[in-house]
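As structure tokens, the structure follows; a few thoughts come after it.
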């Protein structure tokens with residue numbers, strides 16, 4: 001995930017598709033990408049399906065360390 005761009009990670013205890021917080025988190029995620037940032041959302045618990053490019057379990061965070 002590192003190619004010289006700034007990286008912003010959002011870490012959440014819970015992410016739910018379609019609720020107010022989930023919608024806001026994903027809107028921020030999209031806006032950051034549009035501005036050229038590398039961004040990803042990590043969660044402890046999730047309700048709903050998200051693309052792996054957008055959101056992953058927090059356990060996957062260790063896999064992105066460089």
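No lab work stands behind these numbers, since they all come straight from the coordinates. Since this is a predicted model, take the numbers as computed values, not measurements. For neighbour counting, all protein chains shown are included, and Cβ atoms are generated from backbone atoms with ideal geometry for every residue, glycine included.
Annotations
- Residue match in the range 30-44 (condition: touching a helix residue (DSSP H, G or I) at 6+ places or on another chain (Cβ under 8 Å), surrounded by fewer than 16 Cβ atoms within 10 Å (Cβ to Cβ) and within 15 Å of residue 57 (Cβ to Cβ)): yes
- Residue in the range 2-14 that is in contact with a strand residue (DSSP E or B) (Cβ under 6 Å, 6 or more places away or on another chain), surrounded by fewer than 16 Cβ atoms within 10 Å (Cβ to Cβ) and not in a strand (DSSP E or B) present: yes
- Taking the numbered list (1) touching a helix residue (DSSP H, G or I) at 6+ places or on another chain (Cβ under 6 Å); (2) at positive phi in turn, residue 15 passes all entries but (2).
- Candidate set: the range 45-59, residues that are closer than 16 Å to residue 7 by Cβ and touching a strand residue (DSSP E or B) at 6+ places or on another chain (Cβ under 7 Å); chosen: the one surrounded by the most Cβ atoms within 10 Å (Cβ to Cβ): 55
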